[in-house]
1. Measuring from label point to label point, each 7 Å out along Cα→Cβ, what is the residue 619 to residue 527 span in nm?
2. Return the long-range amide H neighbours of residue 119 (sequence gap of 5 or more, or a different chain), with a cut-off of under 5 Å between placed amide H atoms.
3. So, R0 is 56 Å and r is the distance between the beta-carbons of residue 99 and residue 477; what FRET efficiency does that work out to, to 0.05?
4. Of 197, 285, 38, which is farthest towards the positive pole of the chain's charge dipole, taken about the Cα centre with +1 and -1 on the beta-carbons of Lys, Arg and Asp, Glu respectively?
5. Can you compute the FRET efficiency between residue 111 and residue 305 using 1/(1 + (r/R0)^6), with r the Cβ-Cβ distance and R0 = 25 Å? Round to the nearest 0.05.
6. I need the phi-derived Karplus couplings for the stretch 387-403: 6.51 cos²θ - 1.76 cosθ + 1.60, θ = phi - 60°, integer Hz, Gly and Pro marked x.
7. Once both labels are modelled 7 Å past Cα along the beta-carbon direction, what's the residue 149-residue 351 spacing in nm?
8. Could you give me D for the chain, from Stokes-Einstein at 25 °C and 0.890 mPa s, where the hydrodynamic radius is the Kirkwood radius over C-alpha pairs? Units µm² s⁻¹, please.
Amino acid sequence: MPEVERHKYDVVVIGAGGAGLRAAIEAREHGLSVAVVCKSLFGKAHTVMAEGGCAASMGNANEKDSWQTHFRDTMRGGKFLNSWRMAELHAQEAPDRVWELESWGALFDRLPDGRISQRNFGGHTYPRLAHVGDRTGLELIRTMQQRVVALQQEDFAETGDYEARLKVFQECTITDLVKDGDAISGAFGYWRESGRFVLFETPAVVLATGGIGKSYKVTSNSWEYTGDGHALALRAGAALINMEFLQFHPTGMVWPPSVKGILVTEGVRGDGGILKNSEGKRFMFDYIPPVFKGQYAETEEEADQWLRDNDSARRTPDLLPRDEVARAINEEVKAGRGTVHGGVFLDIASRLTPEEIVKRLPSMHHQFKELADVDITKEPMEVGPTCHYVMGGIEVDPDTGSAGVPGLFAAGECSGGMHGSNRLGGNSLSDLLVFGRRAGMGAATYVEQLDKRPEIAESDIDAAAKLALAPFDPPADGTAENPYTLHTDLQQTMNDLVGIIRKEHELKQAIERLAGLRERFDTVTVEGHRQFNPGWHLALDLRNMLVVSECVAQAALLRTESRGGHTRDDHPVMDPTWRNKLLVCKVDPDDVGQTVPAVAVTPQDQLPMRNDLLALFELTELEKYYTAADLVDHPASTE
Ligand code: FAD
């Protein structure tokens, strides 16, 4: 068997985005030794791409804001399918996490009085997003990397070694988790540059690997989003929930084809940008759904008044939650009122001065100028839905981030529950900070309580290495499958059949095609050597994308209603029988240990919301989501 480099840590964090870094900082602050492993360069995680901001009810822009209002907005955005405990912790702790970042050196944009500025975003009652122009994620990562360096300097002062307790392993991909009995004992992977294998012996792994967008053809996600953490957790025995809920962000670039899907931040609409169809009509007023009636402006005058003073009018429907806006754009294009390239117009040019646009949205200005030759200070952008975020992910304990397998923890986009059926913009960056910290703490506490470290069997390492090398072994019958062709076929299948609007017969067709792709995967073959071999890397990523796509398609077929990021053409409304049901994906018991195992999806009842949290809502609003029996303990109930 090939040589395997070995390292030993108390906690191994897989992923160096916002969630991973926050978890690593926390575990290191408990005095443990921590490795951070990431498959791209350190500092290049997806979090860096976050533009609009980080939601936290600090109340700087409107002092009426509170954690209760943030909680309510988050639950409404998720159509009440959220883990209410996660939504509660998130709303309560987000402001502290933002202030903590500030104390570590983050330079947020300011109000004239010096406090952190907060901007409007879809579904948030008040301006709530702390931001740095449209480059917020970059500042978040920069600050946490700076914090990592500060901790390493402390370690140097104490031990003479900067990396004594916190070390980053960049361009290193984890392909398998190793267990001792039921418990995690390590993580196995390879260096992307040399292809050499590496083993991390550890009792605790925090998965913070981000999303799954690269299974789709049109996406705002980068090459790293191949669902690795989702698949690693599944194969290790954990469950995934909410996988049918994918967020198609309403405003991706639609032109030119080479950049189709790249994100146009919701900050454009937060700062006054408006959506128009090819007839010049602000169409969002026609798409306010019954559950949000009364909460949004019904005329252009009222919407514009709200932008000037959000206490004196109702908010603009341009800022409805993302699922609603994406569906509305889809409808307009289908009805023949789209642009020539199949999108709609997003106009900021007629709303702000060129100087304001360049100051507030510098990246958007640059992006359109460079990529589409459009000057957004003079003309509108063409935009349309793009696969952006997965609400589904690893089922975790809200307080500790435990994934239900001893020693396995998860946080950030690869975890599920917090956002229910639809995430509000800005709630991911805050989620990373709140639950990254909690998962780091959960992992540290777990390790501190262990009386014995788990062991690793050599046979498990051999098996992981053999599996990773399989694509270099061409099948004897000459049916070699090209990983790029397989990937393209997977993306096309997911785009065409498990996209923004879903139908039973198409989902069944998708599941059939996925079975075919799984079979083809067995003969995936790559040329060349292990050094610098992107074809091989893709072959290994495909193993994850295939099983995760299966979860999405199976869950989408089972959920016979439309809710949040899951729209069924054949079941177009929310169905009360699904109101408290989660779909739980696990590896099919007959398929445990298979390279790309089949998945079993089963419904599971969600814990009913605590009464004090129910009481934060008007009974009339809750009645749109729950049955009378669910609400008997609400203070206003007359049942
Ligand atoms: P990431 O930041 O993606 O980090 C994942 C890490 O895991 C990376 O380091 C990667 O290398 C590593 N990794 C993955 N697989 C492996 C493996 N097998 N082995 C080793 N390492 C691995 N949210 C907001 O709240 N506000 C916004 O304004 C906003 N804007 C956005 C703009 C864009 C263009 C996009 C795409 C998303 C935006 N989001 C925004 C969403 C948000 O950025 C992401 O949900 C969030 O950054 C995910 O963070 P994470 O820490 O979970 O994962």
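Quick note: the coordinates plus some simple rules give every number you see, no bench work behind them. All values reported here derive from a predicted model rather than from experimental measurement. Here Cβ is always computed from backbone atoms with ideal geometry, including for glycine, and neighbour counts include all displayed protein chains.
1. Roughly 7.2 nm, to one decimal.
2. 128, 129, 130
3. 0.35
4. Toward the positive end, the furthest listed residue is 285.
5. For residue 111 and residue 305, the calculated efficiency is 0.75.
6. 5, 10, 8, 9, 6, x, x, 5, 6, 10, 6, x, 7, 10, x, 5, 9
7. My value for the distance between the label points is 3.7 nm.
8. 99
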